[in-house]
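Participant: Quick one: the structure is below, and I'll ask about it shortly.
The values are calculated or read from the model by the stated rules, or taken from the named source; none is laboratory data. Since the model is a prediction, treat every value here as computed from it, not as a measurement. Because the Cβ atoms are built from the backbone with ideal geometry, glycine has one as well, and the counts that use them run over all protein chains shown. Note: accessible area is taken over every heavy atom of the protein model, side chains too, but ligands, DNA and RNA are not part of it. Shrake-Rupley method; radii C 1.70, N 1.55, O 1.52, S 1.80 Å.
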There are 2 protein chains.
Amino acid sequence: MKEGPDIALIGSLIGDPARANMLTALMGGQALTPTELAGLAGITLQTASSHLAKLEAGGLVAQRKQGRHRYYALSEDEVGLMLESLMGFAASRGLTRHRPGPKDPALRKARVCYNHLAGDYGVRMLDSLIAAGEIEVASGDDLALTDAGRRRVEVLGIDYAALQKSRRPICRTCLDWSERRSHLAGSLGEALLALFIDKGWAKREKDSRAVRFTATGEKAFLELFPR
Amino acid sequence: MKEGPDIALIGSLIGDPARANMLTALMGGQALTPTELAGLAGITLQTASSHLAKLEAGGLVAQRKQGRHRYYALSEDEVGLMLESLMGFAASRGLTRHRPGPKDPALRKARVCYNHLAGDYGVRMLDSLIAAGEIEVASGDDLALTDAGRRRVEVLGIDYAALQKSRRPICRTCLDWSERRSHLAGSLGEALLALFIDKGWAKREKDSRAVRFTATGEKAFLELFPR
DNA sequence: TCAATGCTTCGATTACGATCGAAGTATGAA
DNA sequence: TTCATACTTCGATCGTAATCGAAGCATTGA
């Protein structure tokens, strides 16, 4: 009663359906405007504005003004990790917001988790990197890129030095709600997803967290990260 | 809006201060009666009863009748893990329910996390087991006890065969809100904490999650799990 | 059988927060 | 300047859920 962190505030922020819908939408990784979020959550702009102010005060989202638009996004990686963990628990209880529809398999295969790749493909990528000795599990969930790993991502065209400059962790784990296993988050996870899209291997589906690989992209990905 | 697990229900369950207080109390690992929980949360028995019914319907807690008492506890390890992860996020936002008091350092040093040891000592124990090659990190957050590890815990007096029989995972990681690192959960984590208390090395503090080591217990623990 | 304890259910009250219309502010375009 | 768009703030309404008193079960012990 008088010790430890206060989870009630965070819980109540997530506990409202409209806000939960917005947060879920923002897990797609794209920054969205209040108007878009209002549409997705099925509420008016005024209500959405009020919700977003609360989420911002609670540190869950952050905004960036651009012209007459305001773009909202999850404030940090941590928020995405926490939400994914909550989703994992909810999924294990069978609490889904709809009867599992046709999109569900696509989501389980590959989807965006805030800014990195999740689902079967995300888990496979991390497993493969570890098996190849390119990422080391230091202890618990600290991950570290090995020298071999660094060379590998540089060959792929990722600017490793730029990643190092930022204060954000380069590698970290994120628990996958569909696979119940870890996948790769952190700035490297973000850079890799951006790379796949940049190379035209994969595309984000509109209005969904699903990631659709092209035929050639899928082939290249599976070769690059063997099981 | 139409895909993925429903986090709003879980969020709203955690979002009420009275329920959050009860859940935090149950993180101490002991099963508690509605009367006790009502006292801790500062509400009447009727209100507590209503909250507990909701938590039970949501799958967060489970009850066991014993005579004219009903003992409530977190329903599974998963719940504890999820709550600890939420606490980690809340703590990183500086959201504490009180000014950090004298008990805070004790909590950071060693505390109960549902049924296993957390805090600095919990993290140290897992790190030490991994360094000694007694626990292996398979990939991501799958942990496995090695042959050497099995011999070690059997020497300590833990019935490994009994652990194997249960369907629960023996080793798993749990993210520590104070250390931001992983410590050991699962049935082995539970058995080890029970062992320390059984041997008289440590005691649970009353009405707190803190675990206090005796002088000799602390010495033995630190020798057993060198940094 | 009766009384005491522990808890649940019912019912009424209350308070808070979600919601949206209307009005106000800021940015950009004509 | 004027108009349009994007968003926030204000104010009023409304619904829901938290709360607790009172009554109802169930278990125990005498």
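Participant: Of the residues in region B:38-57, how many are at the interface with chain A (Cβ under 10 Å from one of its Cβ atoms) and either modelled with pLDDT of 95 or more or away from DNA strand D (no atom under 12 Å from the Cβ) (or both)?
Facilitator: Within region B:38-57, residues that are at the interface with chain A (Cβ under 10 Å from one of its Cβ atoms) and either modelled with pLDDT of 95 or more or away from DNA strand D (no atom under 12 Å from the Cβ) (or both) number 1.
Participant: If you scan region A:63-78, which residues turn out to be within 13 Å of chain B (Cβ to nearest Cβ) and either within 11 Å of DNA strand C (Cβ to nearest atom) or outside any helix (DSSP H, G or I) (or both)?
Facilitator: Answer for region A:63-78, where residues must be within 13 Å of chain B (Cβ to nearest Cβ) and either within 11 Å of DNA strand C (Cβ to nearest atom) or outside any helix (DSSP H, G or I) (or both): A:L74, A:S75, A:E76.
Participant: Restricting attention to region A:66-92, and to residues there that are open to solvent by 60 Å² or more (accessible area, probe 1.4 Å) and charged (D, E, K, R), which single residue is modelled with the lowest pLDDT?
Facilitator: A:R68
Participant: Tell me, which residue of region B:42-56 that is without any contact (Cβ under 8 Å) to a residue 24 or more places away in the chain and part of a helix (DSSP H, G or I) is nearest to B:G119 (Cα to Cα)?
Facilitator: B:E56
Participant: Of the residues B:L9, B:L60, B:L23, which is within 12 Å of another protein chain (Cβ to nearest Cβ), in contact (Cβ under 8 Å) with a residue 24 or more places away in the chain, closer than 19 Å to A:L13 by Cα and open to solvent by 60 Å² or more (accessible area, probe 1.4 Å)?
Facilitator: Matching residue, one of B:L9, B:L60, B:L23: B:L9.
Participant: Inspect all residues belonging to region B:124-136 and state whether any of them is closer than 27 Å to B:L32 by Cα and either at pLDDT 90 or above or not aromatic (F, W, Y) (or both).
Facilitator: No, there is no match, as no residue in region B:124-136 is closer than 27 Å to B:L32 by Cα and either at pLDDT 90 or above or not aromatic (F, W, Y) (or both).
Participant: So in region A:93-107, with the set limited to residues that are in contact with a Lys or Arg (Cβ under 9 Å, 6 or more places away or on another chain) and open to solvent by less than 30 Å² (accessible area, probe 1.4 Å), which one is modelled with the highest pLDDT?
Facilitator: A:L107
Participant: Might you check whether a residue that is over 21 Å from B:R204 (Cβ atoms) and open to solvent by less than 30 Å² (accessible area, probe 1.4 Å) occurs anywhere in region B:35-46?
Facilitator: Yes, some residue in region B:35-46 is over 21 Å from B:R204 (Cβ atoms) and open to solvent by less than 30 Å² (accessible area, probe 1.4 Å).
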